[in-house]
Amino acid sequence: MATLIHTLADHSDDVNYCAFSSSCLATCSLDKTIRVYSLNNFTELPYSPLKGHTYAVHCCCFSPSGHVLASCSTDGTTMVWDTRNGRMLAVLEQPSGSPVRVCRFSPESTYLVSGAADGSVVLWNMQSLKLYRSGNVKDGSLVACAFSPNGNFFVTGSSCGDLTFWDDKMRCLYNEKAHDLGVTCCDISLQPISDGEHGFRYFQMASCGQDNQIKLWLILFADFLGVELKYKCTLNGHSAPVLACAFSYDGQMLVSGSVDKCVIIYETSTGNTLHTLSQHTRYVTTCAFAPYSPLLATGSMDKTVNIWQFDLKQPCAGNTVENESKVTVEDWSEDDVSAWLCAQDLADFVGLFKMNNIDGKELLNLTKESLTNELKIESLGLRSKVLQKIEELRMTMISVSVTIPDEFLCPITRELMKDPVIAADGYSYEKEAMENWISTRRRSSPMTNLPLPSLMLTPNRTLKMAISRWLETQQK
């Protein structure tokens, strides 16, 4: 069951796009702003709305870490923002100056893609924030984009109906005429599917268009083969052009939004309709599943964003694991762990974990020592990445399954504090968040907006110990 739990109505014009990180929701609009909300209570963060674009904002997306947000606009720019303090990090100007319709981060945050109305597509290097490579689709405006889970390939969709596949050197690998009247959106699932014959791992891709259709595809990404695309089926639930589509994190569901004002949620394995949501009063322009919680956001030309929650007993975004209680994770099968690894861009470890019979309980008990001595992961960087993802999983399970005391949340990030400090205004903040706040030359309090008499930050050891004790009680 999908239940409407909240409606955001802060934008003064059409909502064009919405995107989730693990802790936030970002929305953007024709009103030229981007708004960022905490997932804990759907309150707007202190630095929101983000203002900088001079025309409509068409798309926004979070980096995989959630620390960076990108937005693109009719003004011909893609802006990069620090989500910890709202500071603008860069303004990336499309070389042609054409309106930018879509932007996407690669899975490792190495690149950011921006696609424009004149068909130009640019890969930006996110370390230098400089242009890396650029190209053009052969016809039409570029309106859609999605990366492969390994980040080595990406697909673009154009208003002339083509899906074009590129590698990370901006070489055009393959072109498919997908929708006669134009592509409007596309997405690639993180969950691989085996063909059962050759052992290849395919990924599901969805595309939707002005022809009222959603098409499901199977894609094989291989460095030695390039891209192999197989048509799977067509979903015909909408009665008007489909403007948006997105997979849940486990790939078991697909959501779509349409000019018919409806949101439809499909089961991808069968193509069956699970839910039809019809609360919006105008075109549904965007939809997105949250990565670590059973939430769905839908945005519309009615200027609102609806937040939906799923019954955890049903298939939902993250049925694999990330969003349920610790008991549920302990009950994960080896296949559930494999799905989680793929969702965390750790697919290379699937074979190793299966060989060592790592189920949910074993996953939660992994340590630096067991990764080194038992699983024989020699790379310190890879061990650290796996441990970080496991810790994020533990923290996410806590944050979703229980309500975190408000005094444990940083007022800036609205996330559980790890290193709390007391500022001169008497409030406690996450150290890094407050340092970033001050580094933007803001001498005002995030809470009162009054001048800070001092920039000194004092460790709040008492609060840190209280948070630590609370975490211990949640993990028992």
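The values are calculated or read from the model by the stated rules, or taken from the named source; none is laboratory data. Keep in mind that this is a model prediction, so the values were computed, not measured. Cβ coordinates were reconstructed from backbone atoms using ideal geometry, including for glycine residues, and neighbour counts include every protein chain displayed. Surface areas here come from the heavy atoms of the whole protein model, side chains and all, with no ligands, DNA or RNA. Shrake-Rupley method; radii C 1.70, N 1.55, O 1.52, S 1.80 Å.
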note: segment 1-130, Cα-Cα separations exceeding 21 Å make up a percent value of 35
Scaled by the rule-of-thumb 2.2 N^0.38 Å, the alpha carbon Rg for segment 55-182 gives a ratio of 0.98
Excluding residues fewer than 8 positions from K138 in its own chain, the aspartates and glutamates with Cα under 16 Å of it are D118, D162, E176, D180
Rh (Kirkwood, all Cα-Cα pairs) for segment 406-475, Å, reads 12.3
Percent of all alpha-carbon pairs of the chain at distances over 29 Å, whole number, is 49
Label model pair Q388, T54: point-to-point distance (7 angstrom along the Cα→beta-carbon line) in nm is 3.8
Heavy-atom accessible area of the chain with neighbours in place, 1.4 angstrom probe: carbon+sulfur share in percent works out to 48
FRET efficiency for R469 and L129 from the Cβ-Cβ distance with R0 = 30 Å, rounded to 0.05, comes out at 0.10
The aspartates and glutamates whose Cα lies under 18 Å from the Cα of K376, excluding any fewer than 8 residues away in the same chain, are D348, D359, E362
In nanometres, the difference between 0.36 nm per residue of separation and the alpha-carbon distance of S370 and L450 is 23.8 nm
Pseudo-spin-label distance N41 to L4, built 7 Å along Cα→Cβ, given in nm, is 2.4
Ordering 172-179, 55-62, 368-375 by per-residue average of other C-beta atoms within 10 angstrom, highest first, gives 55-62, 172-179, 368-375
For the E378, M355 Cβ pair and Förster radius 25 Å, calculated FRET efficiency rounded to 0.05 is 0.95
Computed, not fitted: 222 nm per-residue ellipticity of the chain from DSSP H runs ≥ 4 (each -39500 (n - 2.57)), nearest 500, equal to -5000 deg cm²/dmol
Rounded to the nearest 0.05, FRET efficiency between Y174 and D345 (Cβ-Cβ, R0 25 Å) equals 0.65
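Distances longer than 21 Å among the Cα atoms of segment 126-272: what percent of all pairs is that?
That fraction is 42 percent.
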Residue-normalised value, i.e. accessible area per residue, for the chain at 1.4 Å probe, in Å², stands at 42
